[in-house]
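The values are calculated or read from the model by the stated rules, or taken from the named source; none is laboratory data. Keep in mind that this is a model prediction, so the values were computed, not measured. Note that we place each Cβ from the backbone using ideal geometry, even for glycine, and neighbour counts take in every protein chain shown. Side chains are part of the model used for accessible areas, which takes the heavy atoms of the whole protein and leaves out ligands, DNA and RNA. Shrake-Rupley method; radii C 1.70, N 1.55, O 1.52, S 1.80 Å.
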Amino acid sequence: MTPDQPIKTALETIEGLSGKVYPMSGLKNAAAPFVFYLQLSEDDEYTLEGSTGLQAVSFEINCVAKTYASLVALAGSVRPVLQALQGTTHDDLLIERVTIRQASPDLKEMEVNLYRRMYILTVNYQKEEK
């Protein structure tokens, strides 16, 4: 399993987002509200003693809504769902730590008349051997 799969699955449990969570490459003519994501990086975690056995992957998570009030409500639902992934196992993927931060001010996308909030999500995980 790849790290984006449990994220997508968890986000689609939010009311109004079932089938509306997209990788950025799959985003086309989506109707708000929706969430799209882009993987930014993936690296091994190291300390001074060497490898920790964990991987760190970062995603840009974008919440999009028609009104600012609905954006605030959507983003308020997204954050705790992502935090709840910490300590969970998904097939062979153990999510050890989740860090989420707002990456920019809320934006109004004038070209499409939609509001957007961007989070940076960092997930530390390990693959369990079967």
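Descriptive notes on the structure:
- As a summary of the residue check, Lys28 satisfies the conditions (1) touching a helix residue (DSSP H, G or I) at 6+ places or on another chain (Cβ under 8 Å); (2) of a type outside the set (S, T, N, Q); (3) over 18 Å from Ala103 (Cβ atoms) except for the one numbered (1).
Residues checked against (1) farther than 23 Å from Gly19 by Cβ; (2) small (Gly, Ala, Ser):
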site	(1), (2)
Asp43	yes, no
Phe59	no, no
Cys63	no, no
Ser70	no, yes
Ala84	no, yes
His90	no, no
Ala103	yes, yes
Met110	yes, no
Arg117	no, no
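- Every residue from segment 20-55 that is within 21 Å of Gln5 (Cα to Cα), at pLDDT below 90 and either of a type outside the set (S, T, N, Q) or open to solvent by 70 Å² or more (accessible area, probe 1.4 Å) (or both): Met24, Ser25, Gly26, Leu27, Lys28, Ala30, Glu42, Asp43, Asp44, Glu45, Gly53, Leu54
- Within segment 100-120, residues that are touching a residue at least 60 places away in the same chain (Cβ under 8 Å) sit with their Cβ atoms under 7 Å from residues that are among the charged types (D, E, K, R) and part of a strand (DSSP E or B), at 6+ positions apart or across chains, in these pairs: Ile120/Glu60; Ile120/Arg101.
- Test: residue in segment 39-52 that is of a type in the set (A, V, I, L, M) and free of Cβ contacts under 8 Å to residues at least 12 places away in the same chain: yes
- Scanning segment 76-108 for residues that are of a type in the set (Lys, Arg), more than 18 Å from Phe34 (Cα to Cα) and either surrounded by 15 or more Cβ atoms within 10 Å (Cβ to Cβ) or out of contact with any Phe, Trp or Tyr (no Cβ under 8 Å at 6 or more places or on another chain) (or both) gives a single hit, Arg97.
- Some residue of segment 85-96 being without any contact (Cβ under 8 Å) to a residue 40 or more places away in the chain and more than 18 Å from Val57 (Cβ to Cβ): no
- For segment 98-130, taking the residues that are under 17 Å from Gln86 (Cβ atoms) and of a type in the set (A, V, I, L, M, F, W, C), the one that is nearest to the chain's Cα centre (by Cα) is identified as Leu121.
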